[in-house]
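Quick notes on the structure that follows.
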Protein chains: 2
Amino acid sequence: MSPSTVRRQWEVASSSTAQNTHNPIRSIVENLRLEPNPEKPMIALSIGDPTVFGNLKPPVEVIDAVQECLTSFRYNGYAPSTGYQEARDAVAQYSSEGVTVNPQDVVLCSGCSCALDLCITVLANAGQNILVPRPGFSIYRTLAEGLGIQVKFYNLRPECGWEVDTAHLEEQIDASTAALVVNNPSNPCGSVYSRQHLQEILRVAQAKFVPIIADEIYEHMVFPGQTFHSLASVSEDVPILSCSGLTKRFLVPGWRMGWIIIHDRHGIFEESGVRVGLQRLSQRIIGSNTLIQGALAGILTRTPQKFFEDTVNTLQCHAKIAYEMLSMVKGLTPVMPSGAMYMMVCVNMAQFPEFQSELHFVEQMVTEESVFCLPSKCFDYPNYIRLVLTVPEEQLREACQRIADFCERHHSHSPNTNAHARI
Amino acid sequence: MSPSTVRRQWEVASSSTAQNTHNPIRSIVENLRLEPNPEKPMIALSIGDPTVFGNLKPPVEVIDAVQECLTSFRYNGYAPSTGYQEARDAVAQYSSEGVTVNPQDVVLCSGCSCALDLCITVLANAGQNILVPRPGFSIYRTLAEGLGIQVKFYNLRPECGWEVDTAHLEEQIDASTAALVVNNPSNPCGSVYSRQHLQEILRVAQAKFVPIIADEIYEHMVFPGQTFHSLASVSEDVPILSCSGLTKRFLVPGWRMGWIIIHDRHGIFEESGVRVGLQRLSQRIIGSNTLIQGALAGILTRTPQKFFEDTVNTLQCHAKIAYEMLSMVKGLTPVMPSGAMYMMVCVNMAQFPEFQSELHFVEQMVTEESVFCLPSKCFDYPNYIRLVLTVPEEQLREACQRIADFCERHHSHSPNTNAHARI
Ligand SMILES: Cc1ncc(COP(=O)(O)O)c(C=O)c1O
Ligand SMILES: Cc1ncc(COP(=O)(O)O)c(C=O)c1O
C-alpha cells in the first residue's frame with residue numbers, strides 16, 4: 001500500500017449494487033401514513049401471500065411428499081447447483097404442455113424471484129435495458145436496477161383486458177434492449193392472454209430479435225372457462241426463458257422452489273452462452289432446498305386436480321363478489337380478472353377531488369375504514385388500487401362494503417359527501 | 001428504434017457477470033482425465049459433503065423440528081426477506097458466545113454461499129478487490145470475479161498450522177481493498193486459529209481500516225482440546241460480517257440455511273449503508289426455506305451436545321488415522337488439522353519426477369488406485385492434495401493404503417519404482 005493510498009480512517013461504503021437494489025412497494029408503503037381506525041379490525045387486501053389468512057392451504061399430498069423425504073434421510077446432502085436430476089425430470093414433464101421440455105432445459109432456483117434474477121443477470125449487462133409491463137410487478141425493477149440495468153416500460157391496456165400495447169412495446173425496443181419480460185397471468189392485473197395475443201407479442205419480439213423472459217409463476221391459475229397458454233408453447237422462433245415454481249399454485253411461497261425452463265429456439269441460447277451462463281450463475285448460491293427438491297416429483301404428480309380446481313373456483317368466486325360489489329360504487333371501475341389472485345380497480349380521481357392521488361385515497365381509507373389495498377404506484381401506474389382475492393369471503397365482503405361506504409362518503413357528487421371533503 | 005440500430009438477426013449474448021462467474025474446482029476437475037482402475041472400487045476423498053457416505057447424519061431432533069413445522073401448516077407463507085423474527089432470535093442467541101448478537105444483526109440466507117454473496121456484493125464494487133486466503137475455498141473467487149471484483153491472495157503458512165502470513169497480508173492491502181475474507185476453521189486446511197492469531201489479523205485490518213468477512217461455516221467443528229474463537233468475539237474495533245449456517249455442523253448442506261451476523265463496531269456498517277444494503281440485497285431472492293426457518297430455534301437449541309461431540313470425535317479419529325498412515329509415506333507430508341473436515345497433504349514433487357504437478361499426480365492415482373483427492377490447484381495452491389475426513393473409517397484406511405502403494409511405486413528413490421516411472 002503506497003503511503004499516498006493509506007487510509008487514515010474507516011471508509012467503508014456500501015456498493016452501488018446495494019444502493020441501487022430497492023423494492024418500490026416497500027418504499028411506497030413505508031412512506032404511507034397507515035393508521036387504521038381503532039374501531040374497525042384491519043383487513044389487509046394488500047398481501048400477495050395466499051397462505052396468510054389460513055383459508056388456503058397446500059394439499060396434504062404435498063406435505064406428505066416432503067415428509068417422506070425428510071424421514072428418509074436421503075435429501076440432506078448437496079444437490080447439483082441446477083437441481084437433482086429426478087427433480088428436473090419432474091419439472092420437465094410437468095411443463096411439457098404444448099411444448100417439449102427436456103430435463104437439461106430445467107434449472108431449479110430458490111423461488112421464482114431467484115429464477116428471474118438469474119434470467120435478468122444472464123441476459124443483460126449494466127447499461128442495457130429490459131422491457132417490463134406497466135402496470136407490473138416490481139421485482140423486475142428491484143433485480144434489474146440493482147445490477148445497473150435500466151428498466152423501460154411498455155403499456156398494458158386496461159380496456160382490452162390488460163393486453164400489451166404492442167405498438168408501444170415496439171417503440172420502446174432499442175439497440176440496448178437485452179430482454180422483454182412478459183408476465184402472464186399477471187400480477188397486479190389478473191389478466192390471462194389469449195393464444196392470439198401471445199402471437200402478437202412474439203411477432204414484435206421476433207421482428208426486433210429480442211429474447212423473452214416469461215414470468216409464468218401464476219401458470220394454470222386461471223378461472224373456469226379460461227385457458228392458460230405458456231408463451232413457449234406458442235413460440236416457434238423466439239428464444240424464451242420461462243420462470244415458474246411452486247409458490248402460488250401450490251400455496252407454498254415460503255418454500256422457495258422456483259425454476260427456469262430454457263426454451264431455446266434455433267440454438268440461440270446455446271450459441272450465445274446463455275445456457276451455460278445460467279449453469280454458472282446457479283453455482284453462486286447452489287440452488288434450492290433439497291427436501292423440497294426431493295419431494296418435487298411427488299408434489300407435481302400427486303396433487304389432485306380437485307385441489308387446483310378448488311383454488312381457482314375460490315378465486316373466481318371472490319373476484320365475482322368484489323367485482324359485483326365495487327361495480328356499484330360511484331367513482332370506482334373494477335376490471336374483472338381472468339386468473340392469478342388480484343383485481344385492479346380504477347379510482348376515478350376526478351370524482352374524489354379531495355385526494356391528490358390514489359396514494360392519498362388509500363391512506364384515508366385505512367384511516368377511516370381499516371381497509372388497505374396497494375396503490376397502483378407500487379406497479380408504476382396511476383389511479384388504481386389492487387385487491388388480493390385470497391382473503392376469506394366474509395372479510396372480502398366486509399372490506400368491499402367498507403370501500404363502498406368510504407367512496408360514498410368522499411365522492412364529489414354524493415349527497416353524503418361531508419364538508420371537509422369539499423375542499 | 002432508429003433504423004441504424006435495428007437488429008437484423010439474433011444478437012443474444014450472455015452477460016459479463018455470467019461469463020465471469022466460474023467455479024475453479026469444477027473447471028479443474030472437468031479437465032482432469034479421471035479413469036478409475038476398473039479392478040478397484042472408486043473412493044472419492046474429494047467431496048466436501050459430509051452426508052454423502054451415509055455414515056454421518058443429522059440428529060433426529062433436527063428432523064423432528066422440521067417435521068413439526070411441516071405438519072403445523074404454519075410455515076408455508078412468505079417470511080420477511082431477512083427471516084422470521086423467531087428464527088433470527090434463535091440465531092442471535094446461538095451466536096452470542098463471547099459477543100452479544102442482537103436479532104436485528106442477523107440476516108438469514110439461502111446457505112452460507114448466499115451469505116458470502118451478499119457480504120461481498122454489499123462491500124465491494126466492480127473494480128475493487130477483496131483479499132482471500134491462499135490456499136482457500138474457491139467460492140470467494142466464484143462470487144467476486146462474477147461481479148468484476150478482483151481477488152487478491154494472502155498467503156497462509158503451512159509450517160505454522162496454516163496461520164496467516166500477516167506481513168504478506170498487509171502488503172496486499174491497497175486503496176481498492178474493500179474487504180478481507182478470513183476463513184476459520186479453514187477449508188481446505190482444517191486449521192483453527194488461536195485467539196492470539198486472530199488478534200494479529202485484526203491488528204492488520206484495524207491499521208489499514210479494512211472490514212472483514214469472517215467465513216465461519218465450520219465454527220465449533222474443532223477437535224477435542226482445541227477451542228474455536230469467533231473473530232467477532234475478539235474484535236473490538238474492526239467491523240465484521242460473520243457468515244455461518246447449518247450446513248456443516250448440523251450435516252444438512254442441502255437445506256440451504258445460512259446467515260450473516262452484522263458485528264458493527266463504532267457504527268461503521270450503519271453509517272456506510274452496509275446494514276441497510278444487506279436488507280435490500282436480501283429482497284432479491286427473499287431468503288431461505290421457511291420450514292427450516294421455522295425449525296431453526298428447535299434445531300439450534302435441541303440438538304444434543306453428544307451429537308456434536310460424536311462428529312468431531314469421528315473427524316479427529318479419521319484425521320489421526322490418515323495422518324499416521326500418510327506420515328510413513330515417502331514423499332508425502334500430511335499437515336495434521338485441528339478442525340473442519342479436511343486434511344492437506346504435501347506432495348514433494350521433486351520426489352515424484354514423472355509428474356509435472358500435483359494435478360498429474362492426482363490423475364494417475366485415480367488411474368491406478370481409484371482414489372481421488374482434490375489437487376490443491378483447486379485452492380490456488382501448488383503441490384498438495386486435499387483429503388476429506390468424513391469417509392467411513394474402513395474406506396479411509398483403504399484409500400490411505402492405496403495412496404501409500406501408489407507413492408511407493410512412483411517415488412524416485414524407492415527400490416520398487418517401476419521402469420516407466422523413471423522417465
Ligand atoms: C408476477 C410475479 N413474479 C414473481 C413472483 C415471485 O415469486 P417467488 O415468491 O416464487 O419468488 C411473484 C410473487 O408475488 C409475482 O407476483
Ligand atoms: C469455507 C466454506 N465456506 C462456505 C461454504 C458454503 O457453504 P454452504 O453450503 O452453506 O453454502 C463451504 C462449503 O463447502 C466452505 O467450505
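Derivation of every value follows stated rules applied to the coordinates shown; laboratory data play no part. All values derive from a computational prediction rather than experimental measurement. Note that each Cβ is placed from the backbone with ideal geometry, even for glycine, and that neighbours are counted across all protein chains shown.
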Between copies, how far apart are the A:PRO382 label points? List them in nm, one decimal, shortest first, with each point 7 Å from Cα toward Cβ, please?
-> 6.8
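Could you work out [θ]222 nm for chain B from helices alone, using -39500 (n - 2.57) per DSSP H run of at least four and dividing by all its residues? Round to the nearest 500 deg cm²/dmol. Write down the numbers at each step before the final one.
On the way: 15 runs with 160 residues, N = 423.
Only helices count here, giving -11500 deg cm²/dmol.
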Classify the range B:206-316 as rounded, prolate or oblate, taking a ≥ b ≥ c as the square roots of the eigenvalues of its Cα gyration tensor: rounded when a/c is under 1.5, otherwise prolate if a/b is larger than b/c and oblate if not.
-> oblate
Relative contact order of the range B:58-202: what whole-number percent is it, with Cα pairs under 8 angstrom and at least 6 residues apart?
-> 18
With the label set 7 Å along Cα→Cβ, B:PHE308 is separated from its counterparts in the other copies, in nm and shortest first, by 4.7
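Using the eigenvalues of the Cα gyration tensor, what equivalent ellipsoid semi-axes result for the range A:275-423 when each is taken as the square root of five times the eigenvalue, whole Å, largest first?
Working: eigenvalues 318, 83, 29 Å².
Listed largest to smallest, the semi-axes of the range A:275-423 are 40, 20, 12 Å.
In the range A:218-281, which GluC sites (Glu not before Pro) fall in coil by DSSP and have 10 or fewer other Cβ atoms within 10 Å?
On the way: sites: A:GLU219, A:GLU236, A:GLU270, A:GLU271; in loops: A:GLU219, A:GLU236.
The qualifying sites are A:GLU236.
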Could you work out the local net charge near B:MET221, counting Lys and Arg as +1, Asp and Glu as -1, over the other residues with Cβ closer than 9 Å to its Cβ?
-> +1
For B:LYS208, list the aspartates and glutamates whose Cα falls under 13 Å from its own Cα; do not include residues on the same chain fewer than 8 positions away.
-> A:GLU11, B:GLU170, B:GLU171, B:ASP174, B:GLU200, B:ASP237
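Find the relative contact order for chain A and round it to a whole percent, using C-alpha pairs within less than 8 Å whose residues are 6+ positions apart.
On the way: 823 pairs, mean separation 95.1, N = 423.
Relative contact order here is 22 percent.
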If the cut-off is a Cα-Cα distance under 13 Å, which aspartates and glutamates reach B:LYS320, setting aside same-chain residues fewer than 8 apart in sequence?
-> B:GLU393
For the range A:58-138, calculate the relative contact order in percent as a whole number, restricting contacts to Cα pairs under 8 Å that are 6 or more residues apart.
-> 19
Just from the alpha-carbon atoms, what are the Rg and Dmax of chain A in angstroms?
-> 22.8, 78
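If you take each beta carbon of peptide A:22-32 and count the beta carbons of other chains within 10 angstrom, what is the mean? List each step's numbers first, then the result.
Values: counts 3, 6, 0, 1, 4, 0, 0, 0, 0, 0, 0.
The mean count of partner-chain Cβ atoms within 10 Å per residue comes to 1.
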Starting from a label point 7 Å past Cα on the Cβ side, list the distances from B:GLU171 to the same position in the other copies, nm, shortest first.
-> 6.2
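Ranked from highest to lowest mean number of other Cβ atoms within 10 Å per residue, what is the order of the peptides B:97-107, A:121-131, A:181-191? Walk me through the numbers on the way to the answer.
Values: B:97-107: 17.5, A:121-131: 22.5, A:181-191: 27.2.
Those peptides, ordered most packed to least, come out A:181-191, A:121-131, B:97-107.
Counting other Cβ atoms within 10 Å, which GluC sites (Glu not before Pro) in the range B:20-72 have at most 14 and lie in a DSSP loop? Write down the numbers at each step before the final one.
On the way: sites: B:GLU30, B:GLU39, B:GLU61, B:GLU68; in loops: B:GLU39.
Those satisfying the criteria are B:GLU39.
Which entries of B:LYS330/B:LYS377; B:LYS152/B:LYS377; B:LYS40/B:LYS306 show an alpha-carbon separation above 26 angstrom in the structure shown? Let's see the in-between values first.
Values: B:LYS330/B:LYS377 22 Å; B:LYS152/B:LYS377 16 Å; B:LYS40/B:LYS306 36 Å.
From B:LYS330/B:LYS377; B:LYS152/B:LYS377; B:LYS40/B:LYS306, over 26 Å: B:LYS40/B:LYS306.
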Go through the range A:131-228 and name the trypsin sites (Lys or Arg not before Pro) that are in a DSSP coil and have 16 or fewer other Cβ atoms within 10 Å of their Cβ.
-> none
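Averaged across the residues of A:275-282, what count of C-beta atoms belonging to other chains lies within 10 Å of each residue's C-beta?
Going residue by residue through A:275-282 and averaging, the value is 5.
When you have a sec, figure out the Kirkwood radius of the protein assembly as shown from all distinct Cα pair distances and drop it here in Å to one decimal?
Values: mean 1/r = 0.0349 Å⁻¹.
It is 28.6 Å.
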Kyte-Doolittle mean at least -0.5, axial Cα span of 24 Å or more - DSSP H helices of chain B = B:305-327
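Which semi-axes, in whole Å and largest first, does the equivalent ellipsoid of the range A:75-176 have when worked out from the alpha carbon gyration tensor as the square roots of 5 times its eigenvalues? List each step's numbers first, then the result.
Values: eigenvalues 189, 70, 29 Å².
Sorted largest first and rounded, they come to 31, 19, 12 Å.
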Largest first and rounded to whole Å, the semi-axes √(5λ) derived from the alpha carbon gyration tensor of the range B:139-270 read 22, 18, 16
